[in-house]
Amino acid sequence: MNDVSIRRATPADARILSTLAVATFPLACPAGTTTENIAQFCATRLSVDAFDAYLASAEHALWLSFASDEAVGYVMLVSREPSDPDVAGVLQHRPTVEISKIYVLASHHGRSIASRLMDTVIEAARLEGAASMWLGVNRDNERANGFYQKTGFELVGTRSFLVGTSIEADFVREKPLTTDPYPAVS
């Protein structure tokens, strides 16, 4: 798509990111997640203040995608070891980085925007020297799991993820990164 662009987010983008996040996060939630729990998660983890903090942190990097002039998706990379022992125990490659969020508006699904965002963060992780990337995805989110499988994220474990007061079940997926485009075959 020629009309899609991606750029690194700046502190001035906190409101745009929050608006996108609040619009897209419910797409990743299983049917049983209540609107109250989604609203609580959005108010605490996806607010303008939360994105102000992410953008001010050296551990977080965010990118926005635009279709023409409309912000339609975003991705957040977190550069630190996982603090969740369930995650830390199943990852096989170090150092690692987390794709904490990658979302595209439903009206723009199927246009390769998520793939372009993924390519952007994979390149950033490689430049950073990461040996792998990992993410958590709700086990019932078939669309996302299919996308991650297709992009090389292998299922390596599970974790619990708190949305409001609801404990959700996530798959942990990891993608090994190589700087050698032609790895040795054994």
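The values are calculated or read from the model by the stated rules, or taken from the named source; none is laboratory data. Fair warning: this is a prediction, and the values are worked out from it, not measured in the lab. Reconstructed Cβ throughout: ideal geometry from the backbone, glycine too, with neighbour counts over all protein chains shown.
If we keep just the residues of the stretch 145-171 that are outside any strand (DSSP E or B) and among the hydrophobic types (A, V, I, L, M, F, W, C), which is surrounded by the most Cβ atoms within 10 Å (Cβ to Cβ)? Taking the candidates together, the pick is PHE153. Within the stretch 122-133, being closer than 12 Å to ILE99 by Cα and either loosely packed, with under 15 Cβ neighbours inside 10 Å or in contact (Cβ under 8 Å) with a residue 60 or more places away in the chain (or both) holds for one residue alone: ALA124. Sub-7 Å Cβ pairs linking a first residue in the stretch 34-52 that is acidic (Asp, Glu) to a second residue that is modelled with pLDDT under 95, at least 6 apart or interchain, are GLU36/GLY164, ordered by first then second residue.
Yes/no per residue for (1) of a type in the set (Val, Ile, Thr); (2) at negative phi; (3) under 15 Å from the mean Cα position of the chain (by Cα):
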{"residue": "SER5", "(1), (2), (3)": "no, yes, no"}
{"residue": "ASP13", "(1), (2), (3)": "no, yes, no"}
{"residue": "SER18", "(1), (2), (3)": "no, yes, yes"}
{"residue": "ALA21", "(1), (2), (3)": "no, yes, yes"}
{"residue": "THR24", "(1), (2), (3)": "yes, yes, yes"}
{"residue": "LEU27", "(1), (2), (3)": "no, yes, yes"}
{"residue": "PHE41", "(1), (2), (3)": "no, yes, no"}
{"residue": "ASP49", "(1), (2), (3)": "no, yes, no"}
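Among residues of the stretch 134-162 that are under 15 Å from HIS93 (Cβ atoms) and modelled with pLDDT of 95 or more, those with a Cβ under 7 angstrom from a residue that is of a type in the set (A, V, I, L, M) and assigned to a strand (DSSP E or B), sequence gap 6+ or separate chain, pair up as TRP134/VAL172; LEU135/ILE99; PHE153/LEU135; VAL156/VAL172; GLY157/VAL172. Taken over the stretch 67-111, the residue count meeting the criterion of being assigned to a helix (DSSP H, G or I) and in contact with a helix residue (DSSP H, G or I) (Cβ under 7 Å, 6 or more places away or on another chain) is 1.
It is to be established whether one or more residues within the stretch 46-58 are under 26 Å from PRO11 (Cβ atoms), among the aromatic types (Phe, Trp, Tyr) and modelled with pLDDT of 95 or more. Checked the stretch 46-58: at least one residue is under 26 Å from PRO11 (Cβ atoms), among the aromatic types (Phe, Trp, Tyr) and modelled with pLDDT of 95 or more.
Against the criterion of being in contact with a Phe, Trp or Tyr (Cβ under 6 Å, 6 or more places away or on another chain) and surrounded by 14 or more Cβ atoms within 10 Å (Cβ to Cβ), THR19 does not qualify. Here is the figure for the stretch 14-54: residues that are assigned to a loop (DSSP other than H, G, I, E, B) and hydrophobic (A, V, I, L, M, F, W, C) total 3.
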